[in-house]
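Chemist: The structure's right below; bear with me while I get my questions together.
The values are calculated or read from the model by the stated rules, or taken from the named source; none is laboratory data. The shown structure was predicted, so the numbers you read here are calculated from the model rather than taken from an experiment. Positions of Cβ are generated from backbone atoms using ideal geometry, with glycine treated the same way; all protein chains shown enter the neighbour counts. The accessibility values were calculated without ligands, DNA or RNA, using every heavy atom of the protein model including side chains. Shrake-Rupley method; radii C 1.70, N 1.55, O 1.52, S 1.80 Å.
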Amino acid sequence: MSDWVQKAEDQEISRLVNILDIKKDDNEKSAESADTASAAETSLLLKIIRKGLVESNLDLEIQRKDPKSPLHSVKTFEALHLKPELLKGIYAMGFNAPSKIQETALPTLLADPPQNMIAQSQSGTGKTAAFVLAMLSRVDTKLEYPQVLCISPTYELAIQTGEVAARMAQFCPEIKLKFAVRGEEVTPNSKLKDHIIIGTPGKLLDWGLKYRVFDLKKIRVFVLDEADVMIATQGHHDQCIRIHKLMREQESLENIKQYYVNCMNEEDKYNAIQNIYAGITIGQAIIFCHTRKTAGWLAGKMSSDGHSVAVLSGDLTVEQRLAVLDRFRAGLEKVLITTNVLSRGIDVEQVTIVVNFDLPMDVKGNADCETYLHRIGRTGRFGKNGIAINLVDGEKAMNICKYIENHFKKSIQLLDTGNSDEIEKIGY
Ligand code: ADP
């Protein structure tokens, strides 16, 4: 870079810092959000100043759950089978080929069934363009309500992202975008018709929860931009978690039939599982145990009964866990017995039944509703119907079960696994 360019950029930075410093005095901002602003400001400055793409293979990290092909990547935008209007938009922006992060992330971001993803790479490598493309691709313009939510840490970054979206969607006039940032107001209880909302956490929470101008449970794409900045700031962290939780809780349990079985002890629980297997056809099952010891014991019993069983527990290395999951996803094992390590982070379409061999509880022995949700959310995914069975032995477990039932306000029905007619019914 020539000195001249460097100098011009330095001046630009100092001008922007001045602008942002003035904004910082804004009495809307708490001491806490000032911290966010500084990390977010740096990111904004880099975004504004950077004229083009930073080509880099370094600092690129992606965590994803792609059951089919984790190493899949594309070298051209055409290979992504985008809507032609979006492809036109990308080319109009002067993008010829995907950057490294786009090449690696876009197949997952656009995959069906949808996948979750965390991606990290240095500033200017094309992350924003990647997730904006995913946001635009997933909009169904026939539905006139918000389906995509993007949270940014600051006003300025939200606007930047919105501008990228508007440019990329320049040939898709039917896609509507709304900013949820300071200065934007809505009439409480009116209904937004825009497909995409980009905003800051507090404003989004107000709109979704207090004013109810959009339905959080209808959100299909959730983007947390600058996630590291967000989670490092207490206020934002809490708001983001709340927004995400509201989306999940509402979406959950709708298509899952929940049962509990009264058992006397572990042997009895095992019998219940045997009876269920005898009564209905089960694609794949995940069974959650509280301890590794129980998981190992149960795996031994089920294997000797002829089931193909895999065990996943916290003592395995990450590579070993991935290998177990890959085999399970490929259908090589039909039963996965696991301790809590798995409760979040697995999408296996074929899982028809989740069994809580032990009910989830926290360290104090109280019902752990969030873990319950994550566990049984492993079944009934992608709009399919799922079955969740809770094996209850004794009063304490029963209390946990009742607590969970009240918490989610969804009935958990008694199932008599000694009665084959009853078991048959749960299969439908
Ligand atoms: P990040 O979010 O990682 O900081 P951006 O998505 O903002 O990166 O991209 C940085 C710059 O590179 C922007 O000016 C953007 O328009 C440009 N850019 C992004 N993807 C491409 C691409 N595939 N080809 C050319 N330029 C690109």
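Chemist: Kindly indicate which of 159, 197 is within 16 Å of the ligand (Cβ to nearest atom) and open to solvent by less than 50 Å² (accessible area, probe 1.4 Å).
Modeler: Only one candidate passes the filter, namely 159.
Chemist: Yes or no: residue 103 out of contact with any helix residue (DSSP H, G or I) (no Cβ under 9 Å at 6 or more places or on another chain), within 16 Å of the ligand (Cβ to nearest atom), over 20 Å from residue 213 (Cβ atoms) and at pLDDT below 95?
Modeler: Taking the combined requirement at face value, the residue satisfies it.
Chemist: Counting only residues that are under 16 Å from residue 355 (Cα atoms) and assigned to a loop (DSSP other than H, G, I, E, B), which one in the stretch 402-428 is most open to solvent (accessible area, probe 1.4 Å)?
Modeler: Within the stretch 402-428, the match that is most open to solvent (accessible area, probe 1.4 Å) is 416.
Chemist: Could you count how many residues in the stretch 196-223 are part of a loop (DSSP other than H, G, I, E, B) and either in contact with a Phe, Trp or Tyr (Cβ under 8 Å, 6 or more places away or on another chain) or not assigned by TED's automatic domain parsing to the domain that holds residue 118 (or both)?
Modeler: 4
Chemist: Answer with yes or no whether residue 122 is within 10 Å of the ligand (Cβ to nearest atom), polar (S, T, N, Q) and modelled with pLDDT of 90 or more. Spell out how you get there, then give the answer.
Modeler: Values: within 10 Å of the ligand (Cβ to nearest atom): yes; polar (S, T, N, Q): yes; modelled with pLDDT of 90 or more: no.
Considered against the rule, which asks whether it is within 10 Å of the ligand (Cβ to nearest atom), polar (S, T, N, Q) and modelled with pLDDT of 90 or more, residue 122 comes out as no.
Chemist: Could I ask something else about it? For the stretch 292-309, how many residues meet the condition of being of a type in the set (Gly, Ala, Ser) and buried (at least 18 other Cβ atoms within 10 Å of the Cβ)?
Modeler: Residues in the stretch 292-309 being of a type in the set (Gly, Ala, Ser) and buried (at least 18 other Cβ atoms within 10 Å of the Cβ): 2 in total.
Chemist: Say whether the condition of being closer than 30 Å to residue 390 by Cα and either without any contact (Cβ under 8 Å) to a residue 24 or more places away in the chain or of a type in the set (A, V, I, L, M) (or both) is met by at least one residue in the stretch 193-209.
Modeler: No, the stretch 193-209 contains no residue that is closer than 30 Å to residue 390 by Cα and either without any contact (Cβ under 8 Å) to a residue 24 or more places away in the chain or of a type in the set (A, V, I, L, M) (or both).
Chemist: Can you name the strands (runs of 3 or more DSSP E) wholly within the stretch 107-186 that have at least 1 residues being touching a Phe, Trp or Tyr at 6+ places or on another chain (Cβ under 7 Å) and of a type in the set (Ser, Thr, Tyr)?
Modeler: Working: elements: 117-120, 148-151, 177-180.
In the stretch 107-186, no matching strands (runs of 3 or more DSSP E) lie anywhere.
Chemist: Let me ask you something else. List the number of the failed condition for residue 60; all other conditions in (1) modelled with pLDDT under 70; (2) within 13 Å of the ligand (Cβ to nearest atom); (3) open to solvent by less than 40 Å² (accessible area, probe 1.4 Å) hold.
Modeler: (3)
Chemist: Among the listed residues 136, 110, 149, which satisfies the condition of being surrounded by 18 or more Cβ atoms within 10 Å (Cβ to Cβ), under 16 Å from residue 76 (Cα atoms) and assigned by TED's automatic domain parsing to the domain that holds residue 195?
Modeler: Step by step, each of 136, 110, 149 is checked, and only 110 is surrounded by 18 or more Cβ atoms within 10 Å (Cβ to Cβ), under 16 Å from residue 76 (Cα atoms) and assigned by TED's automatic domain parsing to the domain that holds residue 195.
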